[in-house]
């Protein structure tokens, strides 16, 4: 404990990581960002949300990763081979990767990473003693006896129980970061706050609620096109102010290098309704927008055996379709989102994925006349329609109220119930709410990740609506075993259409990444996974 506080004291006094946000910050070439929600862990086995994934991505590496075009490319693995039966993946590893220097190693010097470390890391994810929330990623996919095996120091194999085309996407997830057994064994439960990896930055200090500091890894294996070793930054400092207003103020004062997303309280100050910078901000900041593999939606419980659906109009497919036709998504995105998003008028799979096709998958657009017709066909009228409760979280209350008002114009009676996020998660996980706000962010760039939300063999989560359709299941199972991308995409589209016709969800919009960035930040492009990518970022004076 004393050593840790001593390190932090040295850190705060050093010129490199000086705590004040002045000209020294720029000369130090340290990237500053704020994590409003805090960071629960630095252990990759617990990288279940964006705040953890962003930090883990700086500190660790995976066998493969996703590039800016959503292609799977090498990282710790130089290349890989796939067996003829599509069930064995053999990875050939780099030989120039070393772990960060740390006291867990002999003489404090980081050792070379080998295939044994990959085997250890993957087995640790599925080990029940680890209790990783990412254990599901290999469930019923990897051979239970001989799934992970180090053949020699530079060769590693994954054996699948059946062909599963999205496996490379799974291996790009932060859960699959490679960790050294020495660090896990030495630090035990404290490994969550003492990261030791191979990534571009290495752990310096973390005072929870105050700051997380990382410094440049001087032995990082990647180089740029000119042979210069990455990263360019000297370090990264993460603050933990829990107020979006404070975060925005610090950004305006140039004390943060970027902020992720624009809070509703100040979006109209910065953006026009068309999603562009207002004149007074032009030239002062950079606005970055990019397709984001996230869909915002309302979910509808469709398990008719659930008592909540007894006598509920939501049990009717025509009522669910009427809800989908009953409000204007385009005006919603324009006026309530400042055009930040694409109205979700196709399937559940969002724009940005290669398999997305708005022609092949037809969703719902605003058609109040058809909505009224469907209500009548379902046996209801504005007089007989019971109240339907829509449960949402505070940040989406305005959206829910907008949809409710429009649905009331065509005969629905919608009561918006605003609850805390933790409660809504509990209610949806236990099938205790029939109509609820939801979102789904891609873990990896494949439509399988979205359609698995409706696979009947999946529990809640991810199948919060408890949707079940044998035709959907058959198309889904055929798709994930298909190795021809064009054929697989068509199967995904067919499955998406089957589900949309049944309407267990009300898609709202396909999201976009929105970054406000200081003008001196370079080499910091947005990406569809909204993964914080700092390897090539730099700060000009």
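The values are calculated or read from the model by the stated rules, or taken from the named source; none is laboratory data. Please read all numbers here as calculations on a predicted model, not as lab measurements. Quick reminder, even Gly has a Cβ in these numbers, built from the backbone with ideal geometry, and neighbours come from all protein chains shown.
In the list 347, 341, which residue meets the criterion of being crowded, with 21+ Cβ neighbours inside 10 Å and on the phi > 0 side of the Ramachandran plot? Please lay out each step first, then the result.
Values: 347 fails: on the phi > 0 side of the Ramachandran plot.
Exactly one residue qualifies, and that residue is 341.
Is region 283-301 home to any residue that is in contact with a strand residue (DSSP E or B) (Cβ under 8 Å, 6 or more places away or on another chain), farther than 30 Å from residue 506 by Cβ and outside the structural domain of residue 401 (by TED's automatic domain parsing)? Before you say what the answer is, go through the steps one by one.
Here is the first cut: in region 283-301, the residues in contact with a strand residue (DSSP E or B) (Cβ under 8 Å, 6 or more places away or on another chain) are 285-301.
Still in the running and farther than 30 Å from residue 506 by Cβ: 285-286.
Imposing the further condition that a residue be outside the structural domain of residue 401 (by TED's automatic domain parsing) reduces the set to 285-286.
The answer is yes; a qualifying residue exists.
What number of residues in region 108-145 are crowded, with 19+ Cβ neighbours inside 10 Å and either in the same structural domain as residue 444 (by TED's automatic domain parsing) or over 29 Å from residue 449 (Cα atoms) (or both)?
Going through region 108-145 one residue at a time, the tally reaches 3.
Taking only region 485-522 into account, find how many residues are within 10 Å of residue 361 (Cα to Cα) and within 20 Å of the chain's Cα centre (by Cα).
Of the residues in region 485-522, 0 are within 10 Å of residue 361 (Cα to Cα) and within 20 Å of the chain's Cα centre (by Cα).
Quick one: which strands (runs of 3 or more DSSP E) lie wholly within region 43-154 and hold at least 3 residues that are in contact with a strand residue (DSSP E or B) (Cβ under 8 Å, 6 or more places away or on another chain), in contact (Cβ under 8 Å) with a residue 24 or more places away in the chain and farther than 17 Å from residue 192 by Cβ? Give the steps one after another, and end with the answer.
Details: elements: 64-66, 72-74, 77-82, 88-93, 148-152.
In region 43-154, the matching strands (runs of 3 or more DSSP E) lie at 64-66, 88-93, 148-152.
Restricting attention to region 254-266, report how many residues are within 25 Å of residue 395 (Cβ to Cβ) and not in a helix (DSSP H, G or I). Before the answer, list the steps.
From region 254-266, those within 25 Å of residue 395 (Cβ to Cβ) are 255-266; that's our starting set.
Filter once more, so that each one left must be not in a helix (DSSP H, G or I): 255-263.
So the count comes out to 9.
Scan region 348-383 for residues that are at pLDDT below 95 and farther than 25 Å from residue 498 by Cβ and jot them down.
Within region 348-383, 381, 382, 383 meet the criteria.
Taking the stated definitions as given, is residue 43 surrounded by 21 or more Cβ atoms within 10 Å (Cβ to Cβ) and modelled with pLDDT of 95 or more?
Against the criterion (surrounded by 21 or more Cβ atoms within 10 Å (Cβ to Cβ) and modelled with pLDDT of 95 or more), residue 43 qualifies.
How about region 267-289: which of its residues are in a helix (DSSP H, G or I) and closer than 12 Å to residue 514 by Cβ? Lay out the reasoning, then the answer.
Going residue by residue through region 267-289, those that are in a helix (DSSP H, G or I) are 267-270, 279-281.
The answer is 267, 270.
What number of residues in region 96-107 are modelled with pLDDT of 95 or more and either touching a helix residue (DSSP H, G or I) at 6+ places or on another chain (Cβ under 7 Å) or surrounded by fewer than 21 Cβ atoms within 10 Å (Cβ to Cβ) (or both)? Give the steps one after another, and end with the answer.
Going residue by residue through region 96-107, those that are modelled with pLDDT of 95 or more are 96-105.
Next, from what is left, pick out any that are either touching a helix residue (DSSP H, G or I) at 6+ places or on another chain (Cβ under 7 Å) or surrounded by fewer than 21 Cβ atoms within 10 Å (Cβ to Cβ) (or both): 96-98, 101-105.
Within region 96-107, residues that are modelled with pLDDT of 95 or more and either touching a helix residue (DSSP H, G or I) at 6+ places or on another chain (Cβ under 7 Å) or surrounded by fewer than 21 Cβ atoms within 10 Å (Cβ to Cβ) (or both) number 8.
Of all residues in region 377-404, which are assigned to a helix (DSSP H, G or I) and more than 16 Å from residue 324 (Cβ to Cβ)?
Keep residues of region 377-404 that are assigned to a helix (DSSP H, G or I), which gives 377, 394-404.
If the condition is that a residue be assigned to a helix (DSSP H, G or I) and more than 16 Å from residue 324 (Cβ to Cβ), then 394, 395, 396, 397, 398, 401 are the ones that fit.
Table: residues versus (1) over 18 Å from residue 31 (Cβ atoms); (2) touching a strand residue (DSSP E or B) at 6+ places or on another chain (Cβ under 9 Å); (3) in the same structural domain as residue 336 (by TED's automatic domain parsing); (4) surrounded by fewer than 18 Cβ atoms within 10 Å (Cβ to Cβ).
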{"position": "215", "(1), (2), (3), (4)": "no, yes, no, no"}
{"position": "228", "(1), (2), (3), (4)": "no, no, no, yes"}
{"position": "255", "(1), (2), (3), (4)": "no, yes, no, yes"}
{"position": "259", "(1), (2), (3), (4)": "no, yes, no, no"}
{"position": "273", "(1), (2), (3), (4)": "yes, no, no, yes"}
{"position": "277", "(1), (2), (3), (4)": "yes, yes, no, yes"}
{"position": "280", "(1), (2), (3), (4)": "yes, no, no, yes"}
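Answer yes or no: is there a residue in region 146-159 that is at pLDDT 95 or above, in the same structural domain as residue 59 (by TED's automatic domain parsing) and out of contact with any helix residue (DSSP H, G or I) (no Cβ under 8 Å at 6 or more places or on another chain). Reasoning before the result, please.
Quick first cut of region 146-159, residues at pLDDT 95 or above only: 147-159.
This time we only want the ones that are in the same structural domain as residue 59 (by TED's automatic domain parsing), so: 147-159.
Narrowing further to those that are out of contact with any helix residue (DSSP H, G or I) (no Cβ under 8 Å at 6 or more places or on another chain): 157, 159.
Within region 146-159, one or more residues are at pLDDT 95 or above, in the same structural domain as residue 59 (by TED's automatic domain parsing) and out of contact with any helix residue (DSSP H, G or I) (no Cβ under 8 Å at 6 or more places or on another chain).
Looking only at region 378-395, count how many residues are more than 19 Å from residue 432 (Cβ to Cβ) and either in contact with a strand residue (DSSP E or B) (Cβ under 9 Å, 6 or more places away or on another chain) or surrounded by 19 or more Cβ atoms within 10 Å (Cβ to Cβ) (or both). Give the steps one after another, and end with the answer.
Step one: filter region 378-395 for residues more than 19 Å from residue 432 (Cβ to Cβ), giving 378-385, 394-395.
Restricting the remaining residues to those that are either in contact with a strand residue (DSSP E or B) (Cβ under 9 Å, 6 or more places away or on another chain) or surrounded by 19 or more Cβ atoms within 10 Å (Cβ to Cβ) (or both) gives 380, 382, 385, 394.
The number of residues fulfilling the criteria is 4.
Go through region 350-372 and report how many residues are assigned to a loop (DSSP other than H, G, I, E, B) and surrounded by 18 or more Cβ atoms within 10 Å (Cβ to Cβ).
Let us first name the residues in region 350-372 that are assigned to a loop (DSSP other than H, G, I, E, B), namely 350-367.
Imposing the further condition that a residue be surrounded by 18 or more Cβ atoms within 10 Å (Cβ to Cβ) reduces the set to 350-353, 355-356, 361, 363-364, 366.
Of the residues in region 350-372, 10 are assigned to a loop (DSSP other than H, G, I, E, B) and surrounded by 18 or more Cβ atoms within 10 Å (Cβ to Cβ).
Considering only region 289-313, how many residues are more than 30 Å from residue 413 (Cβ to Cβ) and surrounded by fewer than 18 Cβ atoms within 10 Å (Cβ to Cβ)?
So the count comes out to 2.
Looking at 323, 375, 319, 399, which one is crowded, with 20+ Cβ neighbours inside 10 Å, in the same structural domain as residue 440 (by TED's automatic domain parsing) and more than 32 Å from the chain's Cα centre (by Cα)? Let's see the steps before the verdict.
Values: 323 fails: more than 32 Å from the chain's Cα centre (by Cα); 319 fails: more than 32 Å from the chain's Cα centre (by Cα); 399 fails: more than 32 Å from the chain's Cα centre (by Cα).
None of the other options fit; the residue is 375.
Output the number of residues of region 256-307 satisfying the condition of being in contact with a helix residue (DSSP H, G or I) (Cβ under 7 Å, 6 or more places away or on another chain) and without any contact (Cβ under 8 Å) to a residue 24 or more places away in the chain.
Residues meeting the conditions: 7.
Please determine, by comparing only the residues of region 163-180 that are closer than 21 Å to residue 485 by Cα and in contact with a helix residue (DSSP H, G or I) (Cβ under 7 Å, 6 or more places away or on another chain), which one is surrounded by the fewest Cβ atoms within 10 Å (Cβ to Cβ).
Pass one, region 163-180, residues closer than 21 Å to residue 485 by Cα: 163-173.
After this cut, where a residue has to be in contact with a helix residue (DSSP H, G or I) (Cβ under 7 Å, 6 or more places away or on another chain) as well, the list is 163-166, 170, 173.
Working: 163: 16, 164: 19, 165: 18, 166: 20, 170: 22, 173: 19.
Here the residue is 163.
Which one is surrounded by the most Cβ atoms within 10 Å (Cβ to Cβ) among residues in region 66-78 that are out of contact with any helix residue (DSSP H, G or I) (no Cβ under 9 Å at 6 or more places or on another chain) and within 27 Å of residue 352 (Cβ to Cβ)? Lay out the reasoning, then the answer.
We begin by selecting, within region 66-78, every residue out of contact with any helix residue (DSSP H, G or I) (no Cβ under 9 Å at 6 or more places or on another chain); these are 67-71, 73-75, 78.
In the following step, the residues that additionally are within 27 Å of residue 352 (Cβ to Cβ) were identified as 67-71, 73-75.
Details: 67: 11, 68: 13, 69: 10, 70: 19, 71: 12, 73: 13, 74: 15, 75: 21.
Restricting to residues being out of contact with any helix residue (DSSP H, G or I) (no Cβ under 9 Å at 6 or more places or on another chain) and within 27 Å of residue 352 (Cβ to Cβ), the top hit is 75.
Given (1) in the same structural domain as residue 400 (by TED's automatic domain parsing); (2) touching a strand residue (DSSP E or B) at 6+ places or on another chain (Cβ under 6 Å); (3) within 30 Å of residue 275 (Cα to Cα), identify the lone condition not met by residue 314.
Checking residue 314 against (1) in the same structural domain as residue 400 (by TED's automatic domain parsing); (2) touching a strand residue (DSSP E or B) at 6+ places or on another chain (Cβ under 6 Å); (3) within 30 Å of residue 275 (Cα to Cα), the one that fails is (3).
I'd like to check something: does region 238-247 contain any residue that is more than 30 Å from residue 271 (Cβ to Cβ) and not assigned by TED's automatic domain parsing to the domain that holds residue 482? Outline the logic, then answer.
Filtering region 238-247 down to residues more than 30 Å from residue 271 (Cβ to Cβ) leaves none.
Within region 238-247, none of the residues are more than 30 Å from residue 271 (Cβ to Cβ) and not assigned by TED's automatic domain parsing to the domain that holds residue 482.
Test each condition in (1) in contact with a helix residue (DSSP H, G or I) (Cβ under 6 Å, 6 or more places away or on another chain); (2) more than 30 Å from residue 68 (Cβ to Cβ) for residue 348 and report the one that comes out false.
(2)
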